[in-house]
Amino acid sequence: KSIISIQNLTKSYGSTAVLKGVNLEVKKGEVVAIIGPSGSGKSTMLRCINAMEKITGGDILFNGKSIANMKNLPELRKDIGMVFQHFNLFPHMTVLKNVMYAPVTVRKEPRDHAQQYAMKLLKKVDMYSKMDVYPSTLSGGQKQRVAIARALAMKPEILLFDEPTSALDPEMVGEVLAVMKELAKTGMTMIVVTHEMGFAREVANKVAFMDEGIVMEEGTPEEVFDK
Ligand code: ADP
Ligand code: ADP
């Protein structure tokens, strides 16, 4: 059973067609790597999945339900987490507050409960010792690990990653990929737009190669890379 089913998805900005009929299935527990040249529509597709963009045609089903007709988008976004290239942490909040923010304000969790869970997640991404500092004092790799903890704090069913390591200095790419790899091992369903072919080959169950607004090729890493 698919968590996400993308069916003939199209997206245009004015007269410019960016997605031209994308089809993709993502099953529970799968890690799907989206690869392809810059401008091929990868990021647009991710933004359509969590309804940051309104789709032009086709459909996206989340657990069998069309997101095009969903009224309650905040509800949908609780279930679909997103990690961005540029971290998007709140600069005026400590690391711990960043991770607690959405559970407390959106999910209305009691503070002590949210705090305990946030601390547990910060341990998981190896950022526990930095919980009281502000994001500006962190390296890019550390910021991205906090961003991952923040996304996990909402207990999403699926996590979307939009080039999570592209803005990092090379020496920090590994620590972020390591956290993502650990997450994959726990069974988290993930869609990862990435230029890291090593990650796609080693961690992904499925690789989709996008070009010119469609999925040109799709298969296991072996099927896509070893021909
Ligand atoms: P990728 O993630 O594969 O690099 P994107 O989805 O970011 O590709 O972009 C695909 C194409 O859509 C690009 O040509 C880009 O210029 C265009 N595009 C993306 N967002 C917008 C927008 N808000 N308005 C107009 N064009 C856009
Ligand atoms: P330092 O803070 O000294 O730079 P880190 O604690 O950030 O070191 O990371 C040390 C190494 O452990 C990293 O190179 C990374 O590969 C790995 N690592 C860090 N966090 C995790 C994690 N949550 N899961 C798996 N490996 C991790």
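The values are calculated or read from the model by the stated rules, or taken from the named source; none is laboratory data. If you're wondering where the values come from, they're calculated on a predicted model, not measured in any experiment. Because the Cβ atoms are built from the backbone with ideal geometry, glycine has one as well, and the counts that use them run over all protein chains shown. Note: areas computed on protein heavy atoms with side chains; ligands, DNA, RNA excluded. Shrake-Rupley method; radii C 1.70, N 1.55, O 1.52, S 1.80 Å.
Structure above, values below:
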{"quantity": "Net lengthening on full extension, Lys1/Met216 (0.36 nm per residue, minus Cα-Cα)", "calculated": "75.1 nm"}
{"quantity": "Surface share of carbon and sulfur [accessible, 1.4 angstrom probe, percent] for region 85-227", "calculated": "51 percent"}
{"quantity": "Assigned charges on the beta-carbon of Lys, Arg, Asp, Glu; the chain dipole about Cα centre (debye)", "calculated": "1020 debye"}
{"quantity": "Label-point separation in nm, Glu75 to Ala17, each point 7 Å along Cα→Cβ", "calculated": "3.4 nm"}
{"quantity": "Over the chain: helical MRE at 222 nm, DSSP H runs n ≥ 4 each giving -39500 (n - 2.57), nearest 500", "calculated": "-10500 deg cm²/dmol"}
{"quantity": "Linear extension gain, Lys181 paired with Ala68, 0.36 nm per residue minus alpha-carbon span", "calculated": "37.6 nm"}
{"quantity": "Region 86-156: relative contact order in percent, alpha carbon pairs under 8 Å with at least 6 residues between", "calculated": "47 percent"}
{"quantity": "Stokes-Einstein D (µm²/s) once Rh is taken as the Kirkwood radius of region 103-227 over alpha-carbon pairs, at 20 °C in 1.002 mPa s", "calculated": "134 µm²/s"}
{"quantity": "Angstrom value of the Kirkwood radius, inverse mean 1/r, which spans all Cα pairs in the chain", "calculated": "18.0 Å"}
{"quantity": "Kyte-Doolittle at least 1.6, axis length at least 27 Å by Cα - qualifying DSSP helices, the chain", "calculated": "none"}
{"quantity": "Gained length - Asp112 relative to Met93, 0.36 nm times residue gap less alpha-carbon distance", "calculated": "5.1 nm"}
{"quantity": "Solvent-accessible heavy-atom area per residue, rounded to whole Å², over the chain at 1.4 Å", "calculated": "47 Å²"}
{"quantity": "Label-to-label distance, nm, for residues given as Asn8 and Lys123 (7 Å Cα→Cβ offset)", "calculated": "5.0 nm"}
{"quantity": "The chain, relative contact order [Cα under 8 Å, separation at least 6], %", "calculated": "29 percent"}
{"quantity": "Most mobile of Asn72, Asn63, Asn88 in a GNM of the chain (Cα contacts under 10 Å)", "calculated": "Asn72"}
